[in-house]
Amino acid sequence: MSPLAVELLVSTLLVSLTVVLHLVGLEVLMRLTGLHLRFLKTAWLHLDRLLVPLGIALGLFVLHGLEIWIYAAAYRVLGALPDVEAALYLSASSYSTLGEANAALPQAWRIIGVLESVNGMLLIGWSTAFLFQTLRWIMAPDSAHPLPEGAIAKD
């Protein structure tokens, strides 16, 4: 198998693993939010309007952190970087699409860093959509939205 094929296979496995983790993580966050709203809702609504979004945002931060650690662990297992700190820095830099990191990877593993950036961009976008949709759903009743739902949808 060619080195590029190995690199693409490793990238595919890492993307698949992080997407599945992200899907499971979002499901867990949704269930935890539902549990909070059913059993731990405070009498003081303003506190829930702080705690629920904060909990979701922190949960998303942990989820992205785990995904960054998966790539960092892969860089160490592949021997692409000398220590955990370098692997974690490179992974966070790639995942967040900062763009500084790929110069640090050996040529044999650079494609993984590039594809981690694409993966991170998609997962961060997915998290953003999840956050906004969830907050919209739990913070405002349908009748409170200023625009009618489906107003310009095709019949």
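Bear in mind these aren't lab numbers, they're just calculated from the coordinates by the rules spelled out. Predicted, not measured: the structure shown is a model, and the values here were computed from it. Glycine also receives a Cβ, built like all others from the backbone with ideal geometry; neighbour counts cover every protein chain displayed.
Of the residues E27, E7, E67, E116, the one with the fewest other Cβ atoms within 10 Å heads the list, and the complete ranking is E27, E7, E67, E116. Length available on full extension from A57 to V28: 0.36 nm per residue minus the Cα-Cα distance, which gives 9.1 nm.
Estimated from the Cβ-Cβ distance and a Förster radius of 41 angstrom, the FRET efficiency linking R49 and W126 is about 0.95. Radius of gyration over Kirkwood radius for the chain, both on Cα atoms: the Rg/Rh ratio is 1.11.
What the Cβ-Cβ distance of L13 and K154 gives, at R0 = 35 Å and to the nearest 0.05, is a FRET efficiency of 0.30. Each residue in R49, R76 was given a count of other beta-carbon atoms within 10 angstrom of its own, and listing them fewest first yields R49, R76. Pick from H46, H64, H22 the residue whose mean-square fluctuation is largest in a GNM of the chain, springs joining Cα atoms under 10 Å. Top of the fluctuation ranking is H46.
The magnitude of the dipole of the chain, with charges of +1 and -1 set on the Cβ of Lys/Arg and Asp/Glu and taken from the Cα centre, is near 340 debye.
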